[in-house]
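Below is one structure, written out as structure tokens; comments come after it.
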Amino acid sequence: MTDYGHDLRFGSFITPGNERPEQPVALARVSERAGLDLVTYQDHPYQPGFLDTWTLLSWVAARTERIRVSANVHSLPLRPPAVLARAAASLDLLSGGRFELALGAGAFWDPIAAMGGPRRTPGEAVEATGEAIEIIRAIWDTSERGGVRVAGKHYQVVGAKRGPAPAHDIGIWVGALGPRMLRLIGEQADGWLPSVFYLKDGDLERGNRLIDEAAAAAGRDPRAIRRLLNIGGGFPQGAPEQWAEQLLPLVVESGVSTFILASDEPDAIRRFGEEVAPRLRELVERERG
């Protein structure tokens, strides 16, 4: 059993397409009315078929009242961390504490390079993500005196002024599967965000083990690191009550506490929020009780 005891959360994962720019906003409002906790969008700044994710997140936050907003995940090579930190804190303040930060190391290196971003090896991507998390946390930490100074291999910040502080303690989630990045999550991050459509048998258990070992070695409580999962693409299947039954082992055996449904279908989002989420909460409460 690997139940970390977090409260269950549910979200949607929406395509930020620009052919119908009102659609990703409308789906966020569907998600909110369905009772979901979170709405997320892909972030591919090199993709002209998509709206810019930061602009979209700001607009969605202004058009909703309760639901949290996040990228899934931000393309770190094209989002300088010091600027990203200030943008994140600003949107969190403007939305009343409804922003969460999810980072990705890159992966699509040809279009990233075409936009003027760096082309990194897997090892360099891990190093850069660790440096970025350090910078972001330091920018947010207005309790410290003096400017932020990080002399990294990939990012250098020399006396940047701190602030603004976000409205709430923003979680930093990382989307990754490689062992070095998983260990980095254990050492520095607040959450692990993989996608079920990229997972192979045993990947969740292996990832949890690497994260937990790295967290313990760094003097952190592994239970403080939230385990999230993008679902869809054929899993789960069947009726809503069957979805809940299929997701239950992922909570009580693999520690997943946030499920994010990848779908642009309003009816699927409604069923997920109105039928699957309450049923799964009921089953988990019974298991834990």
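The values are calculated or read from the model by the stated rules, or taken from the named source; none is laboratory data. This structure is a prediction, so every number in the text was calculated from the model and none was measured. Neighbour counts run over all protein chains shown; Cβ positions are idealised from the backbone, glycine included. Areas reflect the complete protein model, heavy atoms only, side chains present, ligands, DNA and RNA absent. Shrake-Rupley method; radii C 1.70, N 1.55, O 1.52, S 1.80 Å.
Values as computed for the structure displayed
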| read-out | value |
| --- | --- |
| Selection within region 1-45 - under 17 Å from Glu265 (Cα atoms), hydrophobic (A, V, I, L, M, F, W, C) and in contact with a helix residue (DSSP H, G or I) (Cβ under 6 Å, 6 or more places away or on another chain) | Phe10, Ile14, Val25, Ala28, Val30, Ala34, Leu36, Val39 |
| Members of region 1-47 that are open to solvent by less than 10 Å² (accessible area, probe 1.4 Å) and of a type in the set (Ser, Thr, Tyr) | Ser12, Ser31, Thr40, Tyr41 |
| In region 196-209, the residues that are of a type outside the set (Lys, Arg) and either free of Cβ contacts under 8 Å to residues at least 12 places away in the same chain or crowded, with 19+ Cβ neighbours inside 10 Å (or both) | Val196, Asp201, Gly202, Leu204, Gly207, Asn208 |
| Residue within region 237-259 that is in a loop (DSSP other than H, G, I, E, B), open to solvent by 10 Å² or more (accessible area, probe 1.4 Å) and touching a residue at least 12 places away in the same chain (Cβ under 8 Å) present | yes |
| Matching residues, region 210-233, being farther than 23 Å from Ile170 by Cβ and crowded, with 21+ Cβ neighbours inside 10 Å | Ile231 |
| From Ile139, Ile133, Ile170, residue being part of a loop (DSSP other than H, G, I, E, B), open to solvent by less than 30 Å² (accessible area, probe 1.4 Å) and in contact with a helix residue (DSSP H, G or I) (Cβ under 7 Å, 6 or more places away or on another chain) | Ile170 |
| Selection from region 99-133 of residues that are within 17 Å of the chain's Cα centre (by Cα) and of a type in the set (D, E, K, R) | Glu100 |
